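J.: Questions regarding the structure given below will be posed in turn.
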Amino acid sequence: MKNFIYPFLVISLIACAPSNSQEVSTEKPKDFNGYWYGGEAEITSYKLEQARYGEIHAGESVLVFVTEPFSKSKQVKLDNWRDESADNVSVMKLNMTKKFLTGIYPYSMMMSTFTPVSADQYPDPFKVTTSSQEWCGHTWMQMNLDEGGYRVRGFSYFESEGDVDLSIPNAILEDELWTRIRLNPSGLPVGEVNIFPSTFYLRLRHRAMEVKKANTKLMSVESSDYSKEAHQMYEIKYDDRTLSIYFESDFPYTILGWEETYMSGFGNPEVLTTKSKRINTIKSAYWGKNKNKDREIRKELGLGVD
């Protein structure tokens, strides 16, 4: 992450399926394998209030976390997950989606991050991809780990952004922090760090693809709008942007919600806060839930059927 028809169907059905291999650090909780290598993904739905064009727009967001076998050399999901070669690395994949309306037209955005489960052996995420579609057009961005940093390629319908192919020095990727929380929140970077901003943020704010100096902190929270029970919050600040991610203190460290504050709008921008609050969390082998009858599962998640 194909005889004529049948192999294609088989590959389609297993394309999103998680790995059964268990490349897990000894530092992981004892129930880590059972939760993340049980043949299901974790799907969490969120009510979204997205800042765009100087206003807040209602929408929905989904975080899908799942472990997968990943090719270290090709930086794609392995078709043969039983492959035991050294090229097979177990990763935590996050697919993060946002859907919201701005006036008459919709936005559909998706970011995927591929972070090795064994951080002691592979400390950096292998890859990040992001796409955005709306009625003006669509954009695509991909980051691949290489020697000394990341190769970044971007494609846009905006003249000023155009087609980009550049290299950035190795830094913490803001997009990897979501998977780091799920794998080992105590290992999150704190203090002043070099960070490559959220690819969603770069798209919505039309910012340059460059590393920033950021201040980060991890703290306990007794109660918040995201939970009345004690939990944790991880905060990142750089430029005019602040991101706060709220998550459960205990394994599996489920993400409860988040807030992003930055300038939004053109001409006379305002400081607005995007908010996303959890609706529900389920475990599911969703790649096999592709029949009309399976739409009922979306109701369990509180998501629309369109």
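The values are calculated or read from the model by the stated rules, or taken from the named source; none is laboratory data. Values in this document were obtained by computation on a predicted structure and should not be read as measured data. Glycine gets a Cβ as well: all are built from the backbone with ideal geometry, and neighbour counts include every protein chain shown.
J.: For region 49-90, give me each residue that is among the aliphatic types (A, V, I, L, M), in contact with a strand residue (DSSP E or B) (Cβ under 8 Å, 6 or more places away or on another chain) and over 22 Å from T102 (Cα atoms).
T.: V64, V66, V76, L78, V89
J.: Looking at Y150, is it loosely packed, with under 15 Cβ neighbours inside 10 Å and among the hydroxyl-bearing types (S, T, Y)?
T.: When the stated conditions are applied, Y150 does not pass them.
J.: Is there any pair linking a residue in region 185-208 that is closer than 20 Å to M233 by Cβ to one that is buried (at least 17 other Cβ atoms within 10 Å of the Cβ) and of a type in the set (S, T, N, Q), with Cβ under 6 Å and at least six apart or on different chains, and which?
T.: Qualifying pairs under 6 Å: P189/T216; V190/T216; V193/T216.
J.: May I pose another question? Search region 207-246 for residues being aromatic (F, W, Y) and touching a Leu at 6+ places or on another chain (Cβ under 6 Å), and hand back the single one that is surrounded by the fewest Cβ atoms within 10 Å (Cβ to Cβ).
T.: Among them, the one singled out is Y246.
J.: Tell me, which residue of region 247-268 that is surrounded by 15 or more Cβ atoms within 10 Å (Cβ to Cβ) and hydroxyl-bearing (S, T, Y) is farthest from G54 (Cα to Cα)?
T.: Only one residue tops the list, namely Y253.
J.: Among what's in region 26-70 and is modelled with pLDDT of 90 or more, assigned to a loop (DSSP other than H, G, I, E, B) and of a type in the set (S, T, Y), pick the residue that is nearest to I181 (Cα to Cα).
T.: Among those that are modelled with pLDDT of 90 or more, assigned to a loop (DSSP other than H, G, I, E, B) and of a type in the set (S, T, Y), it is Y37.
J.: Follow-up question, since we're still on this one. Considering only residues that are assigned to a strand (DSSP E or B) and more than 18 Å from the chain's Cα centre (by Cα), look in region 71-130 and name the one that is farthest from I181 (Cα to Cα).
T.: Once the filter is applied, the top-ranked residue is Y105.
J.: Can you tell me which of P252, P269 is touching a helix residue (DSSP H, G or I) at 6+ places or on another chain (Cβ under 6 Å) and farther than 19 Å from F100 by Cα?
T.: Criteria check complete, one pass: P252.
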